[in-house]
1. Of all residues in the range 189-200, count the ones that are open to solvent by 10 Å² or more (accessible area, probe 1.4 Å) and under 15 Å from ARG98 (Cβ atoms).
2. Which condition from (1) in a helix (DSSP H, G or I); (2) in contact with a Pro (Cβ under 8 Å, 6 or more places away or on another chain); (3) farther than 30 Å from SER165 by Cα is the one that ALA57 breaks?
3. Just the residues that are surrounded by fewer than 22 Cβ atoms within 10 Å (Cβ to Cβ), charged (D, E, K, R) and on the phi < 0 side of the Ramachandran plot, please, taken from the range 44-67.
4. Only one of these is under 24 Å from the mean Cα position of the chain (by Cα) and closer than 20 Å to PRO185 by Cβ: GLY314, GLY325, GLY263. Name it.
5. Please state which of the following conditions ALA141 fails to meet, knowing it meets all the rest: (1) open to solvent by 50 Å² or more (accessible area, probe 1.4 Å); (2) modelled with pLDDT of 90 or more.
6. Among the listed residues ALA243, ALA199, ALA181, identify the single one that is more than 12 Å from the chain's Cα centre (by Cα) and not charged (D, E, K, R).
7. Only residues in the range 206-230 that are at positive phi count as the first member; pair them with residues that are acidic (Asp, Glu), Cβ under 6 angstrom, at least 6 apart or cross-chain, and list the lot.
8. Going through the range 69-93 one residue at a time, which ones are buried (at least 22 other Cβ atoms within 10 Å of the Cβ) and either within 18 Å of the chain's Cα centre (by Cα) or touching a residue at least 60 places away in the same chain (Cβ under 8 Å) (or both)?
Amino acid sequence: MTTSESASARTAESSFTYRRRLGRYVGDRPGPLLLCVAGLHGNERAGVIAVEHVMEALHRRRPSMRGDFVGLAGNLAALECGRRYIDEDLNRMWQPARVDAVLAGLRSEAGGSPTLPAEPAEGRASLGASEHWEQRQLLEALGQELGEARGDIFALDLHTTSAESAPFATLGDTRANREFALKLPLPIVLGLEEQIDGAMLEHLDQRGLVGIGIEGGVHGAEESVQAHEDSLWITLAALEMLAIEDIPELARRRARLAHASLGLPRALEVRYRHDIQSEDVFKMLPGFRNFAHVEAGQVVGSSSSGPVRSPESGRIFLPLYQELGNDGFFIVHEVNPAWLRVSALLRGLGADRLASFIPGVERHSERTDALVLGPAPSRFLIGVLHLLGFRKRVEADRVLMIRRAEHEPRIPEGPRRG
């Protein structure tokens, strides 16, 4: 039985094991570290199972590898009970000040026992919220793996969705992240990081890693496990970590992943997020598939205050069909690939240094990487600043545009031939 047949014969519930380190395959030569984090949300087990499948195949076949492949599980307690989270969303807890506080706590304990409590229940009881304990352990594991890296570091954050969906990739909009994401035959979605706060990938970005998120499909589906497996094998080829002949069914995996998103644009951008307030009772209308077209004014859900309508025409993105979460839905629009090429060229030329000369744009008084815009800037102006690498943060009556730091490790052009 092939690896793909084995994956399709099992559901996304069957092979999960409750451990932080899902596996480690050490190459016989120095090279990149491919670091995969799966299960940051406990109802998203497909990525965990896919990592286990690939690890199992690698250890069984023992191919020569350049670099190292590591898999970590995110929220063990939530995975155990199949909930998105227990007390707090683990993928909304990675703000710099919060991470710094956790790391300071770990450093202060290093003089004694650097290892956190072995029993999750005891650790959570002493440290407060369940996800606080999970984040501490995950940060410790990440630190150990990054400290042992023998080359450039690439991260994959594996997820699934509550709505039926083709697989796709999300990323912080840097040139290196784009180049990495475009190695996979998946639609890429830009701008999600502007709409949510505290995602783990943004933390990894700030540490200088190249990283993308992969949404494999709907929760619990065999096809979602398969999409993640295909993505992992294709990534190992794209980073030249494995020879083509050592990757089972590589051409078939590429074709299958491309076919799953047939008809979707190559790149899209988030334009709107529907925030669910704590006092609101939001319910998405049934039947929306991810990336389905919607019209301005179309009723897409309901809340305690009445019908919820799409504020503009576009494609609905990540409609909420699960109990937990405060993102009701997003609206995305297609991005012309030529726009991405122009953006890469402008950023390479350092055009961001001229942004403050644009009418209506001022340099921040304290931050060299930030711009300040007046209230209600035009969508065109926001789009131009996106081209230059600035991302939006709304602060009261002004709009703060912060430039995302660009990190440029070497990304190979294609798989190694021998």
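1. Selection size over the range 189-200: 3.
2. For ALA57, the failing item is (3).
3. Residues satisfying the conditions are GLU52, GLU56, ARG60, ARG61, ARG66.
4. Going through GLY314, GLY325, GLY263 in turn, just one is under 24 Å from the mean Cα position of the chain (by Cα) and closer than 20 Å to PRO185 by Cβ: GLY263.
5. (1)
6. Selected residue: ALA243, the only one of ALA243, ALA199, ALA181 that is more than 12 Å from the chain's Cα centre (by Cα) and not charged (D, E, K, R).
7. As it stands, the answer is GLY217/GLU223, since those pairs meet every condition given.
8. Within the range 69-93, the first condition is being buried (at least 22 other Cβ atoms within 10 Å of the Cβ), and the residues that meet it are 69-75, 78-79, 85, 90-91, 93.
Within the range 69-93, PHE69, VAL70, GLY71, LEU72, ALA73, GLY74, ASN75, LEU79, TYR85, LEU90, ASN91, MET93 qualify.
The values are calculated or read from the model by the stated rules, or taken from the named source; none is laboratory data. Quick caveat: nothing in here was measured; it's all calculated off a predicted structure. Backbone-built Cβ (ideal geometry, glycine too); neighbour counts: all protein chains shown. Accessible surface areas use protein heavy atoms only, side chains included; no ligands, DNA or RNA. Shrake-Rupley method; radii C 1.70, N 1.55, O 1.52, S 1.80 Å.
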